Amino acid sequence: MNSIKAGFFVTGTDTGVGKTLVSSLILHALSTRGKKVVGMKPIAAGKENGKWLDVELLQTAGNVRVAYELMCPYALDQAVAPHIAASQEGVEIDLATINSAFQVLKKAADYVVVEGVGGFLVPVNSYQDTSNMAQSLGLPVILVVGMRLGCINHALLTVQAVHRTGLPLLGWIANCIDPEMQVLEENIMALQHRIDRPLLGTVPYNSPPDLRVLSHFIDLSEVI
C-alpha cells in the first residue's frame with residue numbers, strides 16, 4: 001500500500017467518541033513518516049463561534065493545504081443528525097459531490113483520512129447513510145471505539161455493519177473518553193477477543209489533547 005495513493009475511512013461507535021481526535025492522530029502519525037496527508041470531513045454538522053471545529057482540527061493535523069470546500073463539501077450549522085441539518089438549510093447531501101472532492105484530494109496527498117459523521121449508519125439524506133458514503137469512496141475502515149459503559153455492544157454492532165458493506169475493516173482504536181470508566185482493561189480485552197481485526201492503539205484520556213504526544217499511541221505498522 002505504501003507505493004500507491006491510499007486513504008482510510010474513520011468511523012465510530014457513536015457520536016462524541018473522538019473520531020476527529022483519532023483522525024488527527026492518524027494524520028500526525030503518517031506525517032511523521034514523511035507522508036503527504038490531508039484530512040477530509042465530508043459532512044460537518046454544528047458550527048461554534050463561526051467555525052466548524054472538527055474541520056479546523058483536521059486542517060491543522062494535515063500537511064497538505066487544500067481548499068476548505070474540498071475538505072468539507074457540506075458544512076452545516078446545526079449540531080443535529082446531518083440529514084435533518086441539511087433539510088433545515090434546504091440542502092440535499094449528494095454522495096457524488098463528496099466523491100468528486102475526494103478524487104481531487106487523492107491526487108494531492110499520499111493518504112486521505114476521511115472522517116465520517118456520527119455512527120456508521122447515520123442517515124445523510126432520505127435514502128443513504130454513512131455506510132453508503134464509505135462504500136462510494138471505496139476506502140478501508142478504521143473503527144474508533146469510545147471507551148465507556150455500553151461500548152462493547154456498540155462496537156460489535158458497528159463491526160457487523162462494516163462487514164456487511166464488503167469494505168475491509170483494517171482495525172480499531174480504543175479511545176479512552178471516560179477517565180472514570182471502571183474495568184477499562186477488561187473491556188478492551190473483551191473487544192480484542194471478539195473483533196477479528198487488530199487493535200491499532202489505545203488513546204489515553206488527555207485534556208486538552210496533545211496531538212504530538214497522543215499520536216505515539218497509534219500503531220499503523222500493520223495497515224500501511
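Which of the residues belonging to the range 4-29 are within 17 Å of S131 (Cα to Cα) and either part of a loop (DSSP other than H, G, I, E, B) or hydrophobic (A, V, I, L, M, F, W, C) (or both)?
F8, F9, V10, T13, D14, T15 - these are the residues of the range 4-29 that are within 17 Å of S131 (Cα to Cα) and either part of a loop (DSSP other than H, G, I, E, B) or hydrophobic (A, V, I, L, M, F, W, C) (or both).
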Worksheet item: Has the range 48-59 got any residue that is assigned to a strand (DSSP E or B), farther than 17 Å from R212 by Cα, without any contact (Cβ under 8 Å) to a residue 60 or more places away in the chain and open to solvent by 10 Å² or more (accessible area, probe 1.4 Å)?
Response: yes
Item to complete: For residues that are open to solvent by less than 40 Å² (accessible area, probe 1.4 Å) and hydroxyl-bearing (S, T, Y), tally how many sit in the range 103-150.
Response: 3
Worksheet item: Residues of the range 204-215 being surrounded by 14 or more Cβ atoms within 10 Å (Cβ to Cβ) and not in a loop (DSSP other than H, G, I, E, B), which ones?
Response: L211, L214, S215
Worksheet item: Does the range 68-77 contain at least one residue that is surrounded by fewer than 16 Cβ atoms within 10 Å (Cβ to Cβ), out of contact with any helix residue (DSSP H, G or I) (no Cβ under 6 Å at 6 or more places or on another chain), modelled with pLDDT of 95 or more and not acidic (D, E)?
Response: yes
Item to complete: Output yes when any residue across the range 179-193 is of a type in the set (D, E), under 23 Å from G39 (Cα atoms) and surrounded by fewer than 19 Cβ atoms within 10 Å (Cβ to Cβ), and no when none is.
Response: no
Worksheet item: List pairs: first in the range 180-207 and farther than 18 Å from S23 by Cβ, second open to solvent by 90 Å² or more (accessible area, probe 1.4 Å) and part of a strand (DSSP E or B), Cβ under 8 Å, 6+ apart or cross-chain?
Response: none
Discussion item. Of the conditions (1) at pLDDT 95 or above; (2) on the phi > 0 side of the Ramachandran plot; (3) open to solvent by less than 60 Å² (accessible area, probe 1.4 Å); (4) of a type outside the set (V, I, T), G90 satisfies every one except a single condition; which number is it?
Written reply: (3)
Fill in: Breaking point among (1) within 28 Å of N63 (Cβ to Cβ); (2) surrounded by 16 or more Cβ atoms within 10 Å (Cβ to Cβ); (3) not acidic (D, E), for P168
(2)
Worksheet item: If you go through the range 136-170 one residue at a time, how many are among the hydroxyl-bearing types (S, T, Y) and in contact with a Leu (Cβ under 7 Å, 6 or more places away or on another chain)?
Response: 2
Worksheet item: Name the pairs whose Cβ atoms lie under 6 Å apart, with the first residue in the range 103-126 and farther than 24 Å from E92 by Cβ, the second of a type in the set (F, W, Y), and 6 or more positions between them or separate chains?
Response: V113/F8
Worksheet entry | Filtered residues of the range 78-87 (kept if among the hydrophobic types (A, V, I, L, M, F, W, C) and either open to solvent by less than 70 Å² (accessible area, probe 1.4 Å) or in contact with an Asp or Glu (Cβ under 6 Å, 6 or more places away or on another chain) (or both)) | V80, A81, A85, A86
Item to complete: Please tell me if A6 is over 21 Å from N175 (Cβ atoms) and in contact with a strand residue (DSSP E or B) (Cβ under 7 Å, 6 or more places away or on another chain).
Response: yes
Worksheet entry | the range 93-102: number of residues that are more than 30 Å from L211 (Cα to Cα) and open to solvent by less than 20 Å² (accessible area, probe 1.4 Å) | 2
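The values are calculated or read from the model by the stated rules, or taken from the named source; none is laboratory data. Quick caveat, the model's predicted, so the values are computed rather than measured. A quick note on method: Cβ atoms are made from the backbone with ideal geometry, for glycine too, and the neighbour counts reach across all protein chains shown. These area figures cover heavy atoms from the full protein model, side chains too; ligands, DNA and RNA do not enter into them. Shrake-Rupley method; radii C 1.70, N 1.55, O 1.52, S 1.80 Å.
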